[in-house]
Each structure stands twice: as C-alpha cells, then as structure tokens.
Amino acid sequence: MSQFDYDLFVIGAGSGGVRAARMSASMGARVAVAEARYLGGTCVNVGCVPKKLFSYAAHFTENFHDAASFGWDVSHGPIDWPRLRDNKTREIERLNGIYGNILKNANVDLINGHAHFVDEHTVDVNGKHYRAERILIAVGGWPYIPDVPGKEHAISSNELFYLDELPEHATVVGGGYIATEFAGILNGLGVKVTQIYRRSLFLRGFDEEIRGHLAEEMRLRGIELRFNENVTAIEKTADGLQLQLESGGVLNTGAVLYATGRQPLLEGLGLENTRVALNEQGFIAVSDTFQTAAPSIYALGDVIGGMELTPVALAEGMNLARRLYGGIDQAMDYEYIPTAIFCQPNIGTVGYSEEQAREKFGDISVFTSQFKHLKHTLTENPSKVFLKLIVDKASDRVVGVHMLGDDAGELIQGFAVAIKAGATKAVFDATIGIHPTVAEEFVTMREASR
Ligand code: NDP
C-alpha cells in the first residue's frame, strides 16, 4: 500500500494544470486536481476565450461601415451589452462543464477548494490533508494594479468581462497585450477610448515598425493614444472618474481599466512550509524540467513567468507528464513560439523582431510590404495591411514573420510551422502564392527593402 493518496497532486485547474493532470492519468498515474475558483483557469474564464468573443463583437462595427460599399444597407443601434456579456458567460459556463468532464473521463479526482502546502508532500484543502509523491503548482497569475491613489476605483480585465454597463468613455492604462486588445474591443463596442502608456510606444518587445503601424491604425479607428503619460491619482466624481495625469492635466472618464501586467497567484499557498523559491521577478523558480527547489514539487504555466500564453502552458503540462510518467525526457523548446495580439487590426508574429534579429544574427535582410486590402478598394476604409519578413543572411533562414492586418492571428500559425521547420527565403520564394489573398505577399517579396 502506497504511503501516498496520489502520485500527482495538481494545484490549479487552468490550461497547464488540467493538461498535466489528464496526460499523467492517461499514463497510469493516480492524480487529483484542486481548484478554488473556476475550471479552465484564466484562459477560459477571464482571458483568451471571452476576450476573443468580445473581439468578434467589436469587429462588427467596421463591417457595418464597409457593408454599404458592397451594396448592403445595414443600420444598427448601440450594442446590447448585457446580451453580449450574458451570451459570453453562458458559453464560458458550458466550457467549465466540459473541463469537468475531461477530468472525470480521465479518472482525475477534482477537489473544490483552496489548496495550501502543509509540507512538501502534503496539501490541505478545506481542512482535509492529501499526501502525494509529487505536487504540481499550476495556479497561474492575477492582474496587478500599481499603488496609485484611488486604485480601488480602477478595474482589471477580470471585472471588465462582467461590467453592468458600458461607459461612454473608458481609459485603458498599460501598453501590453491586454491593454491594446481591450482598447480595440471597447472602441469597437462603441465606447470612446483613451489608452495611456508610460513610454514612447506601446507593445515593448514586439517589432518596432509593427508597433508604429498599429498606433496609426488605432488612431484611424478613433482611439486616443497618449504615450509618455501615466495616471498619478484616480478620484471619484459625481458622474464618473477623474484621472490626474503625470503631465499635469486631468482626464474625465467613465471607467479606468488597468492592464499593467499580471503576478503569480501565490497568496495563501503555504510556500513557506516548503523549500520552493522564487526568482528575481517573483515567479516560482524552476529547473528546465519544471522542478522547484523542493524536489517533490513542480511548477509550470503563468506561475513560472516566461511567455504567459495558454499554448505554452499546455505544452509544458504535456512535457512534464511525459517526463514523469511516460519515460520521455525531452527539453521544452521555447524558440519560434508564434503569438497574436487580437487588437484591431490583429498582429500576428513568429520569431525575431528586426531589432532582436540584428542583435542575434548581425547581418539580416528585411522585407516589408504595406498595401490596401483588396476588400478596401471598394470601401472608404483607409486601413492598410503591413507585412514583414526578416532573413538571416548567413543561413538564408527566415527568422521573423510579422503581420498587422485582419486575421493575422490565423495566418501566422501556418507560417510558424514553416519557420519552425527551418524554412529559408529560397523556400518562401519557391512557394506558389494563393491569389488573391493577403498572405500571398509573403511568398512574393523579392527585393530586400533594406
Ligand atoms: P504585459 O506584461 O503584456 O504588459 C503590461 C503593460 O503594463 C506594459 O505595457 C507595461 O509597461 C505596463 N506597466 C507595468 N507596470 C506599470 C505601472 N506601474 N504603471 C504603468 N504601466 C505599467 O501584461 P498584460 O497585463 O497586458 O498581459 C499579461 C500577459 O498575458 C501577457 O504578457 C501575455 O503573455 C498574456 N496575454 C496574452 C494574450 C494573447 O496571447 N493574445 C492576450 C492577453 C494576455 P512597460 O512596457 O513599460 O513595461
């Protein structure tokens, strides 16, 4: 009889935790998952999935405008926000159920409640102790709002998904994925939006040209971008909020959304009862096999930092399960992970930005193309698509593919396969395009623009 109740005890039923639990169980491990909040974690409940549904809703505005040029007379009133919000919530509840079934069908025990460590092999959930040979921390992250006076009046993305009503004007603070996506979503839903970012250009770390073109596109859509600006205080007024700005002015707004990063959700986890250590950024420090400083405790997903993306957490969960219970000892590969920002228009990107590529490879060729989408030759929509390829001259490998335009998130996935397989510019050139599409431009870029 084992001295343990489980081989693996997973804390957190988000993307990474559920994948690790399910795969480990399918390989014969006895597994339990504890979850205090909702099944599916951030992605399903207050992240990727509801955000994408809102993003679809927001895109209709542009389509309504474009429709007239194609012969359709479409009239529309303001969005019925409660209908959108509640339809979204119903779908999320359906997905919560699916996650429950996934765990049940995989023979994973689901324990509802907050887990905390008693020691390195024991967790307590609702006063009951569970002993496990190994414990996996997959608790994810939580929005971080800096300590600005009046921060209690600010909301994070968590609350935005459940707002009672949409304000007439909203302010978004931050310049990362969430801020930029929600600036576009709110604008598309008919809210006047000001986005405030503390440095000179948002989306730090992405290709600079793409960032610049996105700023132009967002302004075209009526979003006010204020760079080199920050909020120093938030005050409640009779009809909304007043923001004190670092530059000295004030901004009256109906709601202020802080999208200023996320922190690992470690409160109440009882890490002090273990040897688990944190890294300099405050995330759980792990080896490249996801092992913490306590040998029986592992961690993966957003709680270890790095690229906080659902598919990365899924891959990490799979990697760990195979390593622990499948006898497959393969390092996680973090190179050429594609990503999309579902702003308006989308950004899709894989590989190195021009700035990163110059630093890493030295001699590079850069190919760019900016043009009007065929669809907009009939409309008055001034939006333009921007594409960029980066090639390492020494190897001829394409090391960066970047796109700003409708459906970039869909389109880049296919190019990511090619990049991962080591496609060279010669292979791109030898590939026949599909006409007439936006994507064909990626295989017809002949002369390096610089
Ligand atoms: P990010 O880390 O992407 O961006 C945080 C932003 O807030 C940065 O612009 C940062 O500025 C700014 N910021 C940080 N602290 C302060 C402060 N004290 N005052 C003012 N501004 C501040 O975080 P997000 O919250 O947008 O998203 C979290 C993570 O979730 C992302 O990194 C991403 O991994 C994931 N995500 C992925 C999505 C996708 O795949 N489409 C969608 C949404 C989220 P600075 O640049 O100066 O540091």
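Some values worked out for this structure:
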{"quantity": "Single residue of region 27-52 satisfying the filter (charged (D, E, K, R) and in a helix (DSSP H, G or I)) that is nearest to the ligand (Cβ to nearest atom)", "calculated": "K51"}
{"quantity": "Any chance F64 is in contact with a Gly (Cβ under 8 Å, 6 or more places away or on another chain), in a helix (DSSP H, G or I) and not charged (D, E, K, R)", "calculated": "no"}
{"quantity": "Total residues in region 280-302, condition within 16 Å of the ligand (Cβ to nearest atom), of a type in the set (G, A, S) and crowded, with 24+ Cβ neighbours inside 10 Å", "calculated": "1"}
{"quantity": "Failed item in (1) aliphatic (A, V, I, L, M); (2) within 14 Å of the ligand (Cβ to nearest atom); (3) over 22 Å from K420 (Cα atoms), with L314 passing the rest", "calculated": "(3)"}
{"quantity": "Filter pass, F60 being closer than 17 Å to E380 by Cα, surrounded by 11 or more Cβ atoms within 10 Å (Cβ to Cβ) and in contact (Cβ under 8 Å) with a residue 40 or more places away in the chain", "calculated": "yes"}
{"quantity": "Strands (runs of 3 or more DSSP E) enclosed by region 80-130 - at least 1 residues per element that are under 27 Å from the mean Cα position of the chain (by Cα)", "calculated": "109-112, 115-119"}
{"quantity": "Helices (runs of 4 or more DSSP H) (entirely within region 151-254) containing at least 2 residues that are surrounded by fewer than 22 Cβ atoms within 10 Å (Cβ to Cβ) and more than 16 Å from the ligand (Cβ to nearest atom)", "calculated": "208-220"}
{"quantity": "Residue that is part of a helix (DSSP H, G or I), in contact with an Asp or Glu (Cβ under 9 Å, 6 or more places away or on another chain) and closer than 30 Å to Q291 by Cβ, where the choices are S55, S2, S24, S69", "calculated": "S24"}
{"quantity": "Unique residue being more than 22 Å from M23 (Cα to Cα), over 23 Å from the mean Cα position of the chain (by Cα) and in a loop (DSSP other than H, G, I, E, B) when the list is G282, G268", "calculated": "G268"}
{"quantity": "Number of the condition not met by A138 [criteria: (1) away from the ligand (no atom under 13 Å from the Cβ); (2) free of Cβ contacts under 8 Å to residues at least 60 places away in the same chain; (3) within 17 Å of the chain's Cα centre (by Cα)]", "calculated": "(2)"}
{"quantity": "Leading residue by the ranking (surrounded by the most Cβ atoms within 10 Å (Cβ to Cβ)) among those in region 303-356 that are among the aromatic types (F, W, Y) and in contact (Cβ under 8 Å) with a residue 60 or more places away in the chain", "calculated": "F342"}
{"quantity": "Neighbours by Cβ (under 8 Å, 6+ apart or cross-chain): first from region 177-190, under 12 Å from L166 (Cα atoms) and modelled with pLDDT of 95 or more; second part of a helix (DSSP H, G or I) and near the ligand (Cβ under 9 Å from one of its atoms)", "calculated": "I185/K51"}
{"quantity": "Count of region 255-265 residues which are assigned to a strand (DSSP E or B), under 22 Å from the mean Cα position of the chain (by Cα) and not hydroxyl-bearing (S, T, Y)", "calculated": "5"}
{"quantity": "Those residues of region 306-329 which are among the aliphatic types (A, V, I, L, M), assigned to a helix (DSSP H, G or I) and more than 17 Å from V33 (Cα to Cα), in sequence order", "calculated": "V312, A315"}
{"quantity": "Sole residue being more than 23 Å from V18 (Cα to Cα) and within 16 Å of the ligand (Cβ to nearest atom), chosen from D147, D86", "calculated": "D147"}
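Here's the yes/no breakdown for (1) more than 28 Å from the chain's Cα centre (by Cα); (2) surrounded by 18 or more Cβ atoms within 10 Å (Cβ to Cβ); (3) assigned to a helix (DSSP H, G or I):
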| residue | (1), (2), (3) |
| --- | --- |
| E359 | no, no, yes |
| S365 | yes, yes, no |
| K375 | yes, no, yes |
| E380 | yes, no, no |
| L387 | no, yes, no |
| S395 | yes, no, no |
| G400 | no, yes, no |
| G414 | no, no, yes |
| A426 | yes, no, yes |
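The values are calculated or read from the model by the stated rules, or taken from the named source; none is laboratory data. Quick caveat: nothing in here was measured; it's all calculated off a predicted structure. Because the Cβ atoms are built from the backbone with ideal geometry, glycine has one as well, and the counts that use them run over all protein chains shown.
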